[in-house]
Amino acid sequence: MARNRTYNKRNILIIIIVIFLTAIGLTGRLIYLIIFKSEEYSARAQALHERERPIKAERGRIFDINGVEIATNKPVCTISVIHSQITESERVIELLSKELGLSEEFVRKRVEKLSSIERIKSNVNKDIADRIRQYKLDGVMVDEDYKRYYPFDSLASKVIGFTGSDNQGVIGLEVKYESFLKGINGTILTLTTAYGVEIENAAEGRIEPQPGNDLYLSLDVNIQKYAEQAAYKAMEAKQANNVKLIVMDPNDGRIFAMVNAPEFDLNNPYTLINDIAESYVGETISSEKMNELLNGMWRNACISDTYEPGSAFKVVTTTAALEENVVKLDDRFFCPGFRRVEDRIIRCHKAGGHGSQNFVEGIQNSCNPIFMEIGSRVGVEKTYEYYKKLGLFNKTGVDIPGEANSIMHNIENIGAVELATMSFGQSFQITPLQLLTATSAIINGGTLVTPHFGISVKTPDNRVVKTFEYKTVENAISKETSETMKQLLESVVSDGTGRRAYLPGYRVGGKTATSEKLPRRTGKYISSFIGFAPADDPQVIALVLIDEPVGIYYGGTIAAPVIASLFDNILPYMGIEANYSEEDLKNYQVGQFQVPNFIGKTRKEMKDLLKIYEFGDVYISGEGDTVTEQFPLPGDSVNRKSGLVLYY
């Protein structure tokens, strides 16, 4: 008995100790929760009775070099539903379907979904949103929002880019400068019951959104318009696939215009442009195919596509030869119309050859055999050294996403044939912007610049947040070579293949090119011209590429006039005044007469017309009976020294 009592006492003691320790533990936990965790649990309790709805921040605007707004915002609304607060679900489904242009099935799925809040549609026009407000539908939320708006529609579309439904950049500068342009969203806090029903007349909490910063560019709306006008005119006249045109300051890399014709409508970026849509009339386009077409439509080919530059690249070959002192301007060469390199015969563009000529005449005539010769004099090692100095092995660093790099031979794989073809711009590929940047260094005194659009970022109240700086490399070539190159390239325009880029009153330099596309012998070409002005003190440089022109395809014939037309518009606009020489005043009376229509005329009728209208050089090509194509176009205003090209 005594032993049992002792055992019971011990059990009771253990139970008391356990209860005591448990009480201490619970008390400690309670003290911890009350004192140390009170704020956290208070916040959790409050969160159970609050609902958050975002307030979209206004995206920063984009301005051109003159402060013209080229990307801004329009007020729109977002329509959402809260399932727990809807009292007339069928009415809500019916009215939202009607006002928002959505199927009842689509709206029903969201209205009946058991979630705290469900978005029905974003970017709803304000007038539609106001009508929905007037219905006073329980559980339907109408929140203010912003939609990106581009005042100039398709202008520079592949440069500027656009935003998606979430107001984030998708392509172009909108993506590159996303961190500056995007703002910080705000929040609306609404009190609710434990069942998620908003408490009527309860005060709303509000965290105001912070707008994004504004971006200022070197892009000039007026120069872009002139450039697009010139590009579209060339594309239409030559029935070309596309036309690319870049306008830049060669001294600091500021890009004034970049055209990728055809452009697309920035306010409707997911709608195929007519040129593409017409090819799929009556067809059902799969989502995969649609994405492929859209990506192609948005592609900025000036920086993303490579090509063989052709004769325009002779600018680089000449520069290397002058720097290495392997050629003098009065060196004489003979062109029989071809050059034999190992077991290959590589022909000049002039079948009969240019005969005897000095180097200046050789570059004016764009003679391939001469450039094969001086390329071999420079040699492989030095050739690649100058490619590197002129930035041709690296991306330019332009501030647009998607830039491609050049495609070059490995140096150990370059033989005599490869070196010969490289000397006149074949057997490798670069981007248009790489060629423009390299040529800028050649004519600006030897400084390799970084092409760019971004100038600065400012707050909405005009305080500077950041001014962008860009890398430059001095002494890529000598100033002496640069001066010589400017003179040589000016002579190409005044006396060589670039004569159709001549502009009375201005000194223009440049180089023509006609590049045969791969695979060879398909009859597909890229016609191009790179030009700059004034030739003695370049302030602007431009490159145009006409892809797969129909009919006449020579760069000097169809691409050079595009740059002449562009410069005729933008040089006065840039404040560069014309200075007419006595020869200009005597021979080049601009607008003296309008070009007659030679289309459909027989050879005899054409000769009769040429007795009335005085042209400079007249080029006739083809074996037909009547004229099928002409340049300048009928009705163009020209001077009496302008050339005329007729194609039969």
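The values are calculated or read from the model by the stated rules, or taken from the named source; none is laboratory data. Predicted model, so just to flag it, every value in this text is computed and none were measured. Cβ coordinates were reconstructed from backbone atoms using ideal geometry, including for glycine residues, and neighbour counts include every protein chain displayed.
Things to note:
- Criterion violated by His349 - all others in (1) free of Cβ contacts under 8 Å to residues at least 40 places away in the same chain; (2) surrounded by fewer than 17 Cβ atoms within 10 Å (Cβ to Cβ); (3) within 26 Å of Ile546 (Cα to Cα) satisfied: (1)
- Tabulated pairs, the range 604-629, first over 24 Å from Tyr553 (Cα atoms) and of a type in the set (D, E, K, R), second modelled with pLDDT of 70 or more and in a loop (DSSP other than H, G, I, E, B), C-beta under 9 angstrom, 6+ apart or interchain: Glu605/Phe598; Glu605/Val627; Asp608/Lys601
- Enumeration of residues in the range 512-560 that are within 20 Å of Glu629 (Cα to Cα), outside any loop (DSSP other than H, G, I, E, B) and in contact with an Asp or Glu (Cβ under 6 Å, 6 or more places away or on another chain): Tyr525, Ile526
- Some residue of the range 351-366 being under 22 Å from Leu436 (Cβ atoms) and within 30 Å of the chain's Cα centre (by Cα): no
- Unmet criterion (only one of (1) farther than 20 Å from Ser154 by Cα; (2) touching a Lys or Arg at 6+ places or on another chain (Cβ under 8 Å)) for Thr284: (2)
- Screening the range 309-332 for residues that are closer than 26 Å to Ser527 by Cβ and of a type outside the set (Val, Ile, Thr) and picking the one that is surrounded by the fewest Cβ atoms within 10 Å (Cβ to Cβ) gives Gly310.
- Test for Asn201: is it closer than 30 Å to Ile55 by Cβ and modelled with pLDDT under 95: yes
- Of Asn405, Asn394, Asn410, all but one fail to be out of contact with any helix residue (DSSP H, G or I) (no Cβ under 9 Å at 6 or more places or on another chain), surrounded by fewer than 22 Cβ atoms within 10 Å (Cβ to Cβ) and modelled with pLDDT of 95 or more; the exception is Asn410.
- A residue that is touching a helix residue (DSSP H, G or I) at 6+ places or on another chain (Cβ under 8 Å), buried (at least 20 other Cβ atoms within 10 Å of the Cβ), basic (Lys, Arg) and modelled with pLDDT under 95 can be found somewhere in the range 496-506.
- Put simply, of Glu40, Glu90 the only residue that is part of a helix (DSSP H, G or I), at pLDDT 75 or above and loosely packed, with under 15 Cβ neighbours inside 10 Å is Glu90.
- Residues (in contact (Cβ under 8 Å) with a residue 60 or more places away in the chain and polar (S, T, N, Q)) located in the range 406-432: Ser406, Thr421, Ser423, Gln426, Ser427, Gln429, Thr431
- The set of residues in the range 453-488 that are farther than 17 Å from Glu69 by Cα, in a loop (DSSP other than H, G, I, E, B) and hydrophobic (A, V, I, L, M, F, W, C) comprises Phe468, Ala476, Ile477.
- Every residue from the range 149-189 that is of a type in the set (Ser, Thr, Tyr) and assigned to a strand (DSSP E or B): Tyr149, Thr163, Thr187
- Search result, residues across the range 82-118 that are small (Gly, Ala, Ser) and free of Cβ contacts under 8 Å to residues at least 40 places away in the same chain: Ser89, Ser97, Gly101, Ser103, Ser115
- Picking from residues in the range 354-386 that are of a type in the set (Ser, Thr, Tyr) and in contact with a helix residue (DSSP H, G or I) (Cβ under 7 Å, 6 or more places away or on another chain), the one that is surrounded by the fewest Cβ atoms within 10 Å (Cβ to Cβ) is Ser376.
- Among the residues of the range 243-259, those that are in a loop (DSSP other than H, G, I, E, B) and either closer than 30 Å to Tyr146 by Cβ or not polar (S, T, N, Q) (or both) comprise Asp249, Pro250, Asp252, Gly253.
- Residue within the range 294-301 that is surrounded by fewer than 13 Cβ atoms within 10 Å (Cβ to Cβ), farther than 25 Å from Asn123 by Cα and modelled with pLDDT of 90 or more present: yes
- Residues satisfying the stated conditions in the range 10-37, i.e. of a type in the set (D, E, K, R) and at pLDDT 70 or above: Arg10, Arg29
- The residue pairs whose first member lies in the range 221-233 and is farther than 10 Å from Val259 by Cβ, whose second member is among the acidic types (Asp, Glu), and whose beta carbons are closer than 8 Å, counting only pairs six or more residues apart or on different chains, are Val221/Asp64.
- Of the candidates Val473, Val493, Val449, the single residue that is of a type in the set (A, V, I, L, M), under 29 Å from Ser515 (Cβ atoms), touching a residue at least 12 places away in the same chain (Cβ under 8 Å) and surrounded by fewer than 15 Cβ atoms within 10 Å (Cβ to Cβ) is Val473.
- Within the range 366-378, residues that are over 18 Å from Arg344 (Cα atoms) have Cβ atoms under 6 Å from residues that are in a helix (DSSP H, G or I) in these pairs: Ser366/Ser311; Val378/Ala320; Val378/Ala321, counting only partners at least 6 apart in sequence or on another chain.
- Any hit, the range 385-405, residues being in contact (Cβ under 8 Å) with a residue 60 or more places away in the chain, in a helix (DSSP H, G or I), closer than 17 Å to Val316 by Cα and among the aliphatic types (A, V, I, L, M): no
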